[in-house]
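Asks: Please read through the structure below; I'll follow up with questions.
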Amino acid sequence: MDLSTPKIMGVLNVTPDSFYDGGKHCKSDGAVSISSALLAAEKMVADGAAFIDVGGESTRPGAAPVGLEQECARVLPVVEALSKNVDAVISVDTSSPEIMTESVKLGGGLINDVRALEKKGAIEAAVNAKVPLCLMHMQGKPSTMQHNPTYSNAVSEVCEYLLLRVGILQDFAQKAGIDVPQIILDPGYGFGKTDEHNLQLLRDLSQIENLGYPILAGLSRKSMIGRLLGRKPEDRLAGSLTLAVIAAQNGARIIRAHDVAETADAIRLLQAIKKGERDNGA
Ligand code: 9MG
């Protein structure tokens, strides 16, 4: 994966209940519409996405967990269709070891786990899948994570947790005689964090970057923007673009976004500014 410049990861939720795009790719009987998902993915790639993140479980605050059978039915046919038809890395947003294993057989090229491989069997499945892995920090679980998130120092606790998970993953891979996969780290904006925690993690993103792994930042349309600006999810584009640019400026290499065309434009402008700085020896 070339992450020498920031890349866009388009969000493709095939869920009925995600906070912004829930139900967008569901038929009237609730089943996933593969043609709708494929069309949306093709547009995101044309708009500049290098990754498409397919998710079958809503992890918005308060969301109930989804059963394995249902998650498989939502995600696997879409991963198969996208990997055959779309020129992007197909990322699979899952914590389930069974889905990690099966989706990679169908062409999935990245595992994005908001639970950082904490589910039983997930480390084994992810290491054996031999694709890059994104490990995200979350305090608590989606159903209750926003009740009273507490840290003595959010940035150092997030760094500590991510390093711990990397160490466990590396140990497992080494003992199994398998190459350690490429690892991507994510502070997990909005996952068991107050607005102030999120802002600190954005301000001090370079401390997480200093751990030595590429960073993924997911801020798109999140409720922090809603609270800070008083905006509903559909009115959070300007806020999302602002935070995407700040994340990329502070070191993020993958920006997870619902609005790919707009985010790609914003990041291109940032890159043009950075290129000017380099050319002028700044
Ligand atoms: C699935 N998902 C929702 N928000 C996310 C975020 O911020 N990061 C990652 N890696 N995945 C996310």
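Taken together, the values in this text are just the output of simple stated rules run on the coordinates, not laboratory data. The structure presented is a predicted model; accordingly, all values stated were derived computationally and were not measured. As a convention, Cβ positions derive from the backbone with ideal geometry for all residues, glycine included, and neighbour counts pool all protein chains shown.
Asks: Can you tell me which of 229-239, 183-193, 113-123 comes out highest on packing, and rank the rest after it, using the mean Cβ neighbours within 10 Å? Intermediate results must be reported in sequence, preceding the final value.
Replies: Details: 229-239: 14.3, 183-193: 24.4, 113-123: 19.4.
The peptides rank, most packed first, as 183-193, 113-123, 229-239.
Asks: According to the Cα gyration tensor, what semi-axes, each the square root of 5 times an eigenvalue, does the equivalent ellipsoid of segment 163-240 have, listed from largest to smallest in whole Å?
Replies: On the way: eigenvalues 210, 30, 21 Å².
Value: 32, 12, 10 Å, ordered largest first.
Asks: Considering only DSSP beta bridges with both partners in segment 7-279, what is the antiparallel share in %, to the nearest 5?
Replies: On the way: 1 of 31 bridges.
So the antiparallel bridges in segment 7-279 amount to around 5 percent.
Asks: Same structure again: Checking the a/c ratio against 1.5 first, then a/b against b/c, what shape does the Cα gyration tensor give for segment 7-279?
Replies: Working: a/c = 1.25, a/b = 1.08, b/c = 1.16.
Note, shape of segment 7-279 comes out rounded.
Asks: Quick one: dipole size for the chain, taken about the Cα centre, charges +1 on Lys/Arg Cβ and -1 on Asp/Glu Cβ, in debye to the nearest 20. Walk me through the numbers before you get to the answer.
Replies: On the way: 29 positive and 34 negative charges, 60 e Å.
Result for the chain is approximately 280 debye, rounded to the nearest 20.
Asks: 5 Å is the cut-off here: which amide hydrogens, built 1.01 Å from N in the peptide plane, fall below it relative to residue 25, excluding neighbours closer than 5 in sequence?
Replies: 15
Asks: Is it possible to state the helix-based mean residue ellipticity at 222 nm for the chain, with each DSSP H run of 4+ residues giving -39500 (n - 2.57), the sum divided by total residues, to the nearest 500 deg cm²/dmol? What is it?
Replies: After summing the helix terms and dividing by the residues of the chain, the value is -14000 deg cm²/dmol.
Asks: Given 10 °C and 1.306 mPa s, compute D for segment 37-87 with the Stokes-Einstein relation, Rh being the Kirkwood radius over Cα pairs; round to the nearest whole µm²/s. Write out the running numbers ahead of the final one.
Replies: On the way: Rh = 12.1 Å.
The Stokes-Einstein estimate is 131 µm²/s.
Asks: Measure up 141/222; 84/275; 24/84; 43/222; 120/141; 43/193 against 24 Å on the Cα-Cα distance and list the ones that go over.
Replies: Long pairs (Cα-Cα over 24 Å): 84/275; 43/193.
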